[in-house]
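Have a look at the structure below, then the notes.
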Amino acid sequence: MKIYENNGVFVLETQNTHYAMAVDCEGVINHLHWGKPCKIDDYKSVYKPWERNSNHSARDCCKTEYLPYCGSVYRPVAFVAKHGDGCRETVLTYDSHKISEGEDYILLEIELSDKPYSLAVTLCYKLRENTDVIERYTKIKNKSDSAVLLSKIASGEFNLPSKRPYLSTNTNGSWGGEFRIEKTEVKNGTLLYDSRKGGSDHTLNPWFILSQNADEKQGDVYFGALAWSGNFKVEINRDFAGVTRAVIGINDFDFSYNLRPGEEFITPSVYCGYAVGYGGMSNQMNAYAVENILPKRFAKEPLPVLYNSWEATFFDVSSESQQKIAEIAADIGCELFVMDDGWFGQRKDDWAGLGDWYVNKDKFPEGLKPLIDKVKSLGMRFGLWFEPEMVNPDSDLYRAHPEWTYHYKTRKASLLRQQLVLNLTRDDVKEFVFGVMDKMLAEYDISYIKWDMNRAYSETGAENLENPQELWYRHTAAVYEIADRLKAKYPDLQIECCASGGGRADLGAMSHFSMLLTSDNTDPVDRLEIQHGFSLLYPIKCMRAWVTDTNRYSRKNDFDFRFNVTMQGSLSIGGNLTKYSEEELEIHRKYITLYKEIRNTVQFGAFYRLANYAEDRIYATQYVLGSESVIFLCTSVNSFFNDKFYHIFFEGLDSEGTYKLTYDDKEEIYGGAYLMNVGLDFEIGGTLRSKIIRLKRI
Ligand code: DGJ
């Protein structure tokens, strides 16, 4: 990695790519190139933007690195502000730049400013060794003595090289159906992906993936994923001349931020890169996130096999019933026992109790200690569910503090799941939320919190704020702040992020929480699709996946299939173990033991998708770590009609090495080059079949 600067031309050199830009004759930073590298000296200095005609201005047509709303500009911009004197335009020109080094990165900061207003906007690009991923963010500093109202502050603007239309990949998800991939050709005009719900939501993802002629192994793929769990906006615009640009950042919907004199605002980061093939993209981001995005304390440790009580007992938890399940969970090999919803306040169902974070005495007459002692004596750690941002109207908290929710005095509050959203932008509410979890952690031996969030915001009045439109930003920032404070006070605490499943499954959540739930949907067939979409840009390790009793399509008791799907992420168990036969429990024991053998490879290995379900009717994933590799093959419905075999070309092996393959009680020996270049047939045809193949270099 290296950063070159010569006469106003900047080139970021990553492992395999260049990202180049230059100051133009008007002091604006223009984009020059992103993609495969060339000779550094060939990047020419500044060019003069040229006007097409009076209807297509020069600035509107050129490739800007960070376009503010100003002058004759009509396409999606990255930045909008209103200055102290009422001027609503911003002109950003080059002032200075700085290249600095951190422990594991080099950072280029290009400072631009709007001279009459002493407003500094710094474009930041962080490069790390052995990757093509660039971390990009923007700092905005008010150096004047009057406030500036920011109403759009994207993290970055990205220009793509080709004038041919790109294919955009995002998701068309829903609750229970997150990460379902949808591809759209980027035609002229603007394609919009966003969330206005408060969280990053189940539907669309805060990313852009723009490709040409791409499949898993080839073609140009440009991507950028925003590390932000609140409202986001991705605008992909293709202009009349065929230039495609993406602007990505915090959503400007109902948003503004009053930047006071002397104050600095730092946007969330966007992790972007150019890759060859979707596989190249996923493989890079999978490794990069573990290395650089996940909280350091647990990033390199394999996640424990957890048991979660939700689908087994729902709200009907008690010390006795949980202890019974815990005994079996420990016996089959679980390492962490998480008690989900139902343990607090007057929580019998979802109508009451949220906000009252004290132990329910009817269900736990002696508090949680007997249960936790039992769980610990069984050799497991203990985890507890919270939904700290919410309150039920039927709760002591709401009766005492109705003013603690977002609300308008003149509007009826919309209840979703019978609950309201607490106004986390208030310091007293923030302290309360931190305080209730802190108290439980101080009193009990809890090493894991599942932080849930089950509704979108509404009636977002926040009278405490001078500028209530800051709430969208401040709420998410408060969630991160509380999670960070808890981790700082309890360094061994792991926190799982959940928002009705995958409503906050983004890189921002992953940078503050240790892992996440990608969906409430635990059906193994649906999971294949959800997991596939998640794996595009997010790290496999973070993906909690549960084996449960939900099994809409597969054969009754087909635990082999359920495990083979679920072991492709961080294995978790969630069925009602008290109802299982000894034979079923034995299957659980077998697979949990197996997972413990392969989990380092799954959670930390290089990741490959070996098939494309839409064309191949099979999900096939491979993980390679050192001398070990694991392959999962799963078919869904009517996979190959009458053909029984699928041909696998393995990936990521040592071509000089010799490997022992183990599958279906068979053992075979092949060379790495043979497995990758010639490949092997596996009998997998049919509906809902699955297979695990293990490879060891000998
Ligand atoms: C939604 C979560 O996604 C579930 O796993 C569970 O925790 C419930 N909430 C509890 O209310």
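The values are calculated or read from the model by the stated rules, or taken from the named source; none is laboratory data. This is a predicted model, so every value here is computed, not measured. Virtual Cβ from ideal backbone geometry, glycine too; neighbours counted across all protein chains shown. Keep in mind that these areas ignore ligands, DNA and RNA; they rest on the heavy atoms of the full protein, side chains included. Shrake-Rupley method; radii C 1.70, N 1.55, O 1.52, S 1.80 Å.
Looking only at residues of the range 132-161 that are among the aliphatic types (A, V, I, L, M) and in a strand (DSSP E or B), we find that the one that is nearest to ILE3 (Cα to Cα) is ILE134.
Within the range 414-445, can you find the residues that are under 30 Å from LYS374 (Cβ atoms) and either within 16 Å of the ligand (Cβ to nearest atom) or outside the structural domain of VAL375 (by TED's automatic domain parsing) (or both)? Passing the criteria: only MET437.
The single residue among LEU493, LEU516, LEU486, LEU471 that is more than 16 Å from the ligand (Cβ to nearest atom), modelled with pLDDT of 95 or more, within 17 Å of GLY199 (Cβ to Cβ) and not basic (Lys, Arg) turns out to be LEU471. Considering only residues that are open to solvent by 10 Å² or more (accessible area, probe 1.4 Å) and under 15 Å from the mean Cα position of the chain (by Cα), look in the range 480-502 and name the one that is farthest from ASN454 (Cα to Cα). Top of the filtered list is TYR480. For the condition open to solvent by 10 Å² or more (accessible area, probe 1.4 Å), under 21 Å from ILE495 (Cα atoms) and either free of Cβ contacts under 8 Å to residues at least 24 places away in the same chain or more than 16 Å from the ligand (Cβ to nearest atom) (or both), LYS324 does not qualify.
The sole residue among ALA509, ALA505 that is within 14 Å of the ligand (Cβ to nearest atom), buried (at least 21 other Cβ atoms within 10 Å of the Cβ) and in a helix (DSSP H, G or I) is ALA509.
Please count how many residues of the range 446-464 are acidic (Asp, Glu), within 16 Å of the ligand (Cβ to nearest atom) and either in the same structural domain as SER174 (by TED's automatic domain parsing) or touching a Lys or Arg at 6+ places or on another chain (Cβ under 9 Å) (or both). The number of residues fulfilling the criteria is 0. Answer yes if at least one residue in the range 300-310 is open to solvent by 20 Å² or more (accessible area, probe 1.4 Å), within 16 Å of the ligand (Cβ to nearest atom) and either closer than 22 Å to TYR480 by Cα or touching a Gly at 6+ places or on another chain (Cβ under 7 Å) (or both), and no otherwise. Yes, the range 300-310 contains a residue that is open to solvent by 20 Å² or more (accessible area, probe 1.4 Å), within 16 Å of the ligand (Cβ to nearest atom) and either closer than 22 Å to TYR480 by Cα or touching a Gly at 6+ places or on another chain (Cβ under 7 Å) (or both).
Return a yes/no flag: does the range 73-84 have any residue that is open to solvent by 30 Å² or more (accessible area, probe 1.4 Å) and either aliphatic (A, V, I, L, M) or free of Cβ contacts under 8 Å to residues at least 24 places away in the same chain (or both). Scanning the range 73-84 turns up at least one residue that is open to solvent by 30 Å² or more (accessible area, probe 1.4 Å) and either aliphatic (A, V, I, L, M) or free of Cβ contacts under 8 Å to residues at least 24 places away in the same chain (or both).
One residue alone among GLU129, GLU109 is more than 22 Å from ASP220 (Cβ to Cβ), surrounded by fewer than 20 Cβ atoms within 10 Å (Cβ to Cβ) and touching a Lys or Arg at 6+ places or on another chain (Cβ under 8 Å), and that residue is GLU109. Evaluate the range 185-197: report whether one residue or more is in contact with a Gly (Cβ under 7 Å, 6 or more places away or on another chain), touching a residue at least 40 places away in the same chain (Cβ under 8 Å) and open to solvent by 40 Å² or more (accessible area, probe 1.4 Å). No, the range 185-197 contains no residue that is in contact with a Gly (Cβ under 7 Å, 6 or more places away or on another chain), touching a residue at least 40 places away in the same chain (Cβ under 8 Å) and open to solvent by 40 Å² or more (accessible area, probe 1.4 Å).
The condition of being modelled with pLDDT of 95 or more and either open to solvent by 20 Å² or more (accessible area, probe 1.4 Å) or touching a His at 6+ places or on another chain (Cβ under 9 Å) (or both) does not hold for GLU683.
Exactly one residue out of TYR595, TYR608 is under 27 Å from TYR288 (Cβ atoms), open to solvent by 20 Å² or more (accessible area, probe 1.4 Å) and either part of a loop (DSSP other than H, G, I, E, B) or touching a strand residue (DSSP E or B) at 6+ places or on another chain (Cβ under 6 Å) (or both): that is TYR608. Scan the range 390-401 and give yes if some residue there is more than 31 Å from the chain's Cα centre (by Cα), open to solvent by less than 10 Å² (accessible area, probe 1.4 Å), within 15 Å of the ligand (Cβ to nearest atom) and farther than 18 Å from SER500 by Cβ, otherwise no. Looking for residues that are more than 31 Å from the chain's Cα centre (by Cα), open to solvent by less than 10 Å² (accessible area, probe 1.4 Å), within 15 Å of the ligand (Cβ to nearest atom) and farther than 18 Å from SER500 by Cβ, one finds at least one in the range 390-401, hence yes. When the range 435-451 is filtered for residues that are of a type outside the set (A, V, I, L, M, F, W, C) and open to solvent by 10 Å² or more (accessible area, probe 1.4 Å), the ones remaining, listed by number, are GLY435, ASP438, LYS439, GLU443, TYR444, ASP445, SER447. With respect to TRP385, is the statement that it is within 16 Å of the ligand (Cβ to nearest atom), under 30 Å from ILE587 (Cβ atoms), surrounded by 19 or more Cβ atoms within 10 Å (Cβ to Cβ) and without any contact (Cβ under 8 Å) to a residue 60 or more places away in the chain true? Taking the combined requirement at face value, the residue does not satisfy it.
Exactly one residue out of LEU516, LEU471, LEU465 is in contact (Cβ under 8 Å) with a residue 12 or more places away in the chain, over 30 Å from PHE563 (Cβ atoms) and buried (at least 24 other Cβ atoms within 10 Å of the Cβ): that is LEU471.
For the condition farther than 19 Å from ASN231 by Cβ, open to solvent by less than 30 Å² (accessible area, probe 1.4 Å), touching a residue at least 40 places away in the same chain (Cβ under 8 Å) and more than 16 Å from the ligand (Cβ to nearest atom), ILE372 qualifies. If you check PRO37 against the conditions, is it surrounded by fewer than 18 Cβ atoms within 10 Å (Cβ to Cβ) and modelled with pLDDT of 95 or more? Yes; evaluated as a whole, the condition is true for this residue.
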